[in-house]
Amino acid sequence: MRIHTVSPSESFFDAGREYRASEPDVPLRCCLRKSSADEPVWLFRYSAPFGKGPYSEVGPVFTHVDCPGGASLDRLPVELLNNPRILRSYNAAGQICDGVVVEPGSFDRVIEGLFNDPAVEAVQVRSVSHGCFFFGVTRA
Ligand SMILES: [Zn+2]
């Protein structure tokens, strides 16, 4: 699988972005881990990838201001998957195919199952409680 992160430079497309000098323990979409208290972050509106037309959604995301990198793009980020998550699958036209709530420990199996459908092009991983986009997954 291939993991899709959000670059901090995406924040510049939102004139209303907010700078937070300290916002500990928020999920960072750039390097796919939680923030620490000494890391400045952006909070901004972001259009999550893969959903198109009526399925295109905009919501809040956090990234570092200066990301040190380190996200692994070929395996799931353990630190952001220690709670149940929503997985939404999309076809090439950007229409939603399926949506499932997944418990920790089952992500690899469920994502593999979603990609067994040849119509599925991509999967979004989202928060259950807040609904916000965390990261995307496509086939390698
Ligand atoms: Zn980062």
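Quick check on my filter: what residues within the range 116-140 are charged (D, E, K, R), surrounded by 15 or more Cβ atoms within 10 Å (Cβ to Cβ) and outside any strand (DSSP E or B)?
Hit for the range 116-140 is GLU121, nothing else.
Quick one: in the range 31-60, which of the residues that are aliphatic (A, V, I, L, M) and within 11 Å of the chain's Cα centre (by Cα) is nearest to the ligand (Cβ to nearest atom)?
LEU32
GLY131 fails exactly one of the following numbered conditions: (1) at positive phi; (2) out of contact with any strand residue (DSSP E or B) (no Cβ under 9 Å at 6 or more places or on another chain). What is the number of that condition?
(2)
Across the range 49-98, what is the number of residues that are closer than 24 Å to VAL120 by Cα, of a type outside the set (D, E, K, R) and without any contact (Cβ under 8 Å) to a residue 24 or more places away in the chain?
4
Restricting to the range 61-70, count the residues that are within 8 Å of the ligand (Cβ to nearest atom) and surrounded by 13 or more Cβ atoms within 10 Å (Cβ to Cβ).
Final tally of qualifying residues: 3.
Only the coordinates and a few stated rules stand behind these numbers; no lab work does. Bear in mind the structure is a predicted one, so any value in this text is a computation, not a measurement. So basically every Cβ, Gly included, is an ideal-geometry build from the backbone, and we count neighbours across all protein chains shown.
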